[in-house]
Structures are given as structure tokens and as C-alpha cells.
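The values are calculated or read from the model by the stated rules, or taken from the named source; none is laboratory data. This is a predicted model, so every value here is computed, not measured. Positions of Cβ are backbone-derived with ideal geometry, glycine not excepted, and every protein chain shown enters the neighbour counts.
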Amino acid sequence: MQIIKVEQNTPEWLQSRKGKITGSKLKDIVVKRGTGKKLGFYELVADRLSIDTEEENAMERGHRLEDEAKEKFSEMTGKELFSESVMLVSDKNPNIAVSPDALIKNGNKFTEAVEIKCLSGARHLQAYFEQQIPDEYGAQAIQYFIVNEDLETLYFAFYDPRITAIPLHWIEMKREDIESDIKFYEEYQIRELKEVDALVDKLLKF
């Protein structure tokens with residue numbers, strides 16, 4: 001056993017812990033059932049690959065890096081992005097909408113779109129290795145297809161320049177592969193909005 005003398009909570013202490021399974025991190029690594037990896041596993045990988053630490057707020061980082069991510073995506077794919085700040089509203093219900101990060105026009109229709117996420121290094125790598133969109137963003141991705149009936153493909157992109165080995169990657173979602181999910185979420189929203197309308201009308205009559 002080696003003993004390293006370092007004061008807790010100092011920059012040196014934090015650096016000494018990077019990429020190591022410490023006592024407090026062990027619970028985030030161990031999988032007792034199943035074969036999937038916990039986020040803590042990918043945090044170890046991110047610690048080894050990242051050139052910076054996780055100090056910036058994720059939302060602030062996302063706003064700061066979004067344009068840079070779009071530019072990188074355009075360079076890598078050769079696709080021209082329409083990335084003006086807009087909101088798309090469904091023709092079926094004006095209360096069903098989505099704010100796209102970028103759209104791609106083919107002919108006279110926006111048949112492709114890009115959603116950008118600038119997450120932690122660990123989650124960036126988890127999405128890359130597992131090729132899955134994080135659960136909390138699944139409905140958001142499907143909303144693109146509900147609102148834009150011309151949409152055929154959504155590129156759900158992840159950007160983290162600190163992970164220099166793979167700063168940008170994306171998962172392609174095809175309409176044909178998620179038709180049942182689109183139908184479910186669309187019908188669910190319409191039902192809920194009808195209930196909202198009914199309650200609002202009732203209250204306005206008082």
C-alpha cells in the first residue's frame with residue numbers, strides 16, 4: 001500500500017482522485033444485477049480522457065458550446081444547417097411545439113434536424129459506447145417528429161471538446177423505427193390538452 005500525503009479538498013487532492021475508484025465512488029461502479037455499466041464507470045473513462053474538470057454548470061456549458069457544436073457537425077457531415085432561433089408548432093394542435101437546435105432542408109422541406117447536448121464527460125462517453133439517448137431526452141427527441149411531419153431523421157448529437165478523442169458524436173433516429181412511439185406521445189398530448197382546455201373553460205365560467 002502506498003501512502004500519499006495530500007490535504008483533502010485541495011486541487012492536489014482532487015487531481016490525485018481522478019480516474020481512481022475511491023471509497024465514495026465504489027457504489028457508483030458496482031452493478032449487482034444485469035450487465036450494464038453505471039455512470040460511475042464512464043466517469044473513470046472521462047477522467048482519463050478529459051483535458052479539463054467538471055466545474056462549469058452543464059446548462060451554461062450547453063449554451064456556450066451549442067454554436068461550436070453545430071459548426072463541427074456541419075464540417076463533419078457536409079450538411080448545411082438552418083439554425084435560427086425558431087419554434088415549430090404542430091398543424092394538429094397549436095399547443096404542441098418544439099424548439100429545434102438546427103434544421104436541414106432537402107428540397108423545400110425540413111426532412112432532417114439536429115438536437116445538441118453538451119453533457120458531462122461521463123454521459124458523453126456513455127451515450128457513445130451504449131449508443132442510446134439518455135432516457136430523460138427520449139420524449140424531447142420524439143417531439144421533433146410529432147411536430148414536423150416531414151421529418152425523416154433526427155441527429156441527436158453530443159458535444160464535449162474536453163474529450164479530445166471523440167469530441168462530437170451523434171445517434172440517428174429514423175421516423176420509420178419509432179412510428180409507434182410517435183403515435184403514443186402524440187395521442188397522449190392531444191388527450192391531455194383536451195383535459196386542460198376543459199378545466200380552463202370550466203374555471204373561466206366562474
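Quick look at the values:
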| read-out | value |
| --- | --- |
| Residues being part of a strand (DSSP E or B), over 14 Å from the mean Cα position of the chain (by Cα) and farther than 30 Å from D197 by Cβ - total across the range 103-116 | 6 |
| Meets criteria (surrounded by 15 or more Cβ atoms within 10 Å (Cβ to Cβ), assigned to a helix (DSSP H, G or I) and either modelled with pLDDT under 75 or touching a helix residue (DSSP H, G or I) at 6+ places or on another chain (Cβ under 9 Å) (or both)) for F73 | no |
| Residues that are surrounded by 11 or more Cβ atoms within 10 Å (Cβ to Cβ), out of contact with any Phe, Trp or Tyr (no Cβ under 7 Å at 6 or more places or on another chain) and modelled with pLDDT under 95, drawn from the range 165-177 | none |
| Residues satisfying the stated conditions in the range 86-110, i.e. surrounded by fewer than 15 Cβ atoms within 10 Å (Cβ to Cβ), in contact (Cβ under 8 Å) with a residue 12 or more places away in the chain and more than 13 Å from N148 (Cβ to Cβ) | N95 |
| Matching option when the condition is within 12 Å of the chain's Cα centre (by Cα) and either without any contact (Cβ under 8 Å) to a residue 12 or more places away in the chain or on the phi > 0 side of the Ramachandran plot (or both), among D201, D135 | D135 |
| Hey, H63 modelled with pLDDT under 95, surrounded by 18 or more Cβ atoms within 10 Å (Cβ to Cβ) and in a helix (DSSP H, G or I) or not | no |
| Matching entry among A198, A139, A113 (being of a type in the set (A, V, I, L, M) and surrounded by 14 or more Cβ atoms within 10 Å (Cβ to Cβ)) | A113 |
| Where a residue in the range 62-79 is without any contact (Cβ under 8 Å) to a residue 40 or more places away in the chain and its partner, wherever it lies, is surrounded by fewer than 15 Cβ atoms within 10 Å (Cβ to Cβ), with Cβ under 7 Å and at least six apart | S74/E80 |
| A127 touching a His at 6+ places or on another chain (Cβ under 9 Å), in contact (Cβ under 8 Å) with a residue 40 or more places away in the chain and of a type in the set (A, V, I, L, M) | yes |
| Wholly within the range 117-206, helices (runs of 4 or more DSSP H) carrying at least 2 residues that are of a type in the set (A, V, I, L, M, F, W, C) and under 16 Å from K92 (Cβ atoms) | 138-147, 179-204 |
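Quick grid of which residues meet (1) more than 25 Å from M59 (Cβ to Cβ); (2) at pLDDT 95 or above:
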position: Q140; (1), (2): no, no
position: L151; (1), (2): yes, yes
position: E179; (1), (2): yes, yes
position: E186; (1), (2): yes, no
